[in-house]
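Written out below as structure tokens is the structure these notes cover.
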């Protein structure tokens with residue numbers, strides 16, 4: 001299954017400058033992805049979804065990133081929420097997708113600025129959440145909060161209950177529109193529109209397709225680093241084209257330029273390694289009935305966290321030899337450099353805690369990560 005065709009890529013690429021200038025994904029790109037079916041890939045068929053395998057979803061995700069990394073980042077996050085909501089109460093699924101399978105949902109899972117209190121029938125929720133990518137295009141939001149005595153939950157909140165504050169003024173991934181979601185006065189969230197962390201960890205769901213028994217974290221942790229793979233692919237293509245077209249370089253010279261040859265080879269290998277590991281992991285999960293062992297879950301989480309750092313290595317290899325013109329403002333490789341480096345700032349792309357957890361559990365220490 002493939003939803004992102006060359007025509008869809010062309011639309012996204014054509015509006016990439018507009019996306020960065022407006023600091024959110026262009027309406028044309030969002031509409032093209034709606035029309036293609038990308039936002040429905042992880043949605044159950046009973047709501048009009050495609051129930052695509054994660055391997056297919058992430059192949060398309062990379063294709064989007066080859067056209068524009070900001071669009072891939074924001075729209076990948078939006079699209080993967082269909083998987084989490086499919087694990088929630090059926091009434092919550094009905095609320096969101098009952099009338100439109102292309103309903104878009106943003107998120108911010110960090111509970112630091114949230115206040116959540118239990119009440120009859122549900123919870124009262126207020127606070128501020130940052131980094132809600134693509135929120136300007138969405139009519140719902142998934143927001144994280146910690147309830148005293150109950151633990152972490154995700155709250156599904158309609159657009160009428162929150163405002164979006166324009167805070168997204170950044171050096172890279174400018175087009176993701178990752179603004180703040182704000183709930184000034186407490187709003188009521190019914191119990192059925194929440195997702196308890198332990199239910200996500202235990203893969204609780206009522207879907208017929210066994211794919212939804214996959215730990216939902218295994219899909220989410222990939223949407224915030226896979227775009228870097230697509231961006232690095234595009235950067236490599238552009239690097240090769242710019243070198244062959246440079247005034248000081250011709251194909252004959254390139255044939256004898258060992259340094260450039262080696263740099264290209266290293267970056268191609270980085271891309272191949274990252275794709276091979278990701279798709280191998282999902283293939284293993286599928287072969288195991290979408291029920292990976294805990295050891296696999298911890299390993300996969302750590303491997304996903306390494307993607308941004310490896311892509312940073314790749315873009316640095318290219319940029320260091322991009323030629324004198326690369327230092328001038330507006331050079332296209334600069335945007336790839338900024339976007340890929342920026343992706344490392346996401347907490348899911350910091351390998352240190354995941355390496356420690358994987359290493360310590362190998363010696364018998366109890367797992368400390370419940371988002372795996």
Inset, instruction - Give the distance, in whole Å, between the Cα centre of segment 39-74 and the Cα centre of segment 332-362. - result: 22
Inset, instruction - Please state, to two decimals, what the Cα-based radius of gyration of segment 6-102 comes to when divided by 2.2 N^0.38 Å (N = residues). - result: 1.08
Inset, instruction - For segment 105-197, report the convex hull volume of the alpha-carbon atoms normalised per residue, in Å³, without decimals. - result: 87
Inset, instruction - Find how much the distance from residue 170 to residue 259 grows on full extension, using 0.36 nm per residue of separation minus their present alpha carbon separation; answer in nm with one decimal. - result: 28.7 nm
Inset, instruction - May I ask you to work out the translational diffusion coefficient for segment 318-372 at 37 °C, viscosity 0.692 mPa s, via Stokes-Einstein with Rh from the Kirkwood sum over Cα pairs, reported in whole µm²/s? - result: 231
Legend entry - Cα-based convex hull, segment 173-224, per residue volume (Å³, whole number): 129
Legend entry - Estimated FRET transfer efficiency (residue 7, residue 150; beta-carbon r; R0 45 Å; 0.05): 0.40
Inset, instruction - Order by neighbour count: 73, 216, 129, fewest other Cβ atoms within 10 Å first, most last. - result: 216, 129, 73
Legend entry - Taking the chain and dividing mean pair separation by its residue count, relative contact order in percent (alpha carbons under 8 Å, at least six apart): 16
Inset, instruction - Provide Rg over Rh for segment 59-106; use the alpha carbon set for both Rg and the Kirkwood Rh (inverse mean inverse pair distance). - result: 1.07
Inset, instruction - Give the value in nm², to one decimal: projected area of the alpha carbon convex hull of the chain, averaged over all directions. - result: 19.2
Inset, instruction - Can you tell me how much longer the chain between residue 18 and residue 370 gets when fully stretched, taken as 0.36 nm per residue apart minus their C-alpha distance, in nm with one decimal? - result: 122.9 nm
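Rounded to the nearest 0.05, what FRET efficiency do residue 273 and residue 120 give with R0 = 45 Å and r taken as the Cβ-Cβ distance? Could you check?
After rounding, the FRET efficiency stands at 0.30.
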Inset, instruction - Can you grab the distance from the C-alpha centre of segment 7-34 to the C-alpha centre of segment 309-324, Å, no decimals? - result: 26
Inset, instruction - Report the percentage of all Cα-Cα pairs in segment 272-343 whose separation exceeds 16 Å, rounded to a whole percent. - result: 59
Inset, instruction - Could you state, as a whole-number percent, how many of the C-alpha pairs of segment 216-365 are farther apart than 24 Å? - result: 41
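Just so you know, all these numbers are worked out from the coordinates, no wet-lab data involved. Just so it is clear, the model here is predicted, and its values are computed rather than measured. Every residue, glycine as well, gets a Cβ built from its backbone with ideal geometry; the counts of neighbours run over all protein chains shown.
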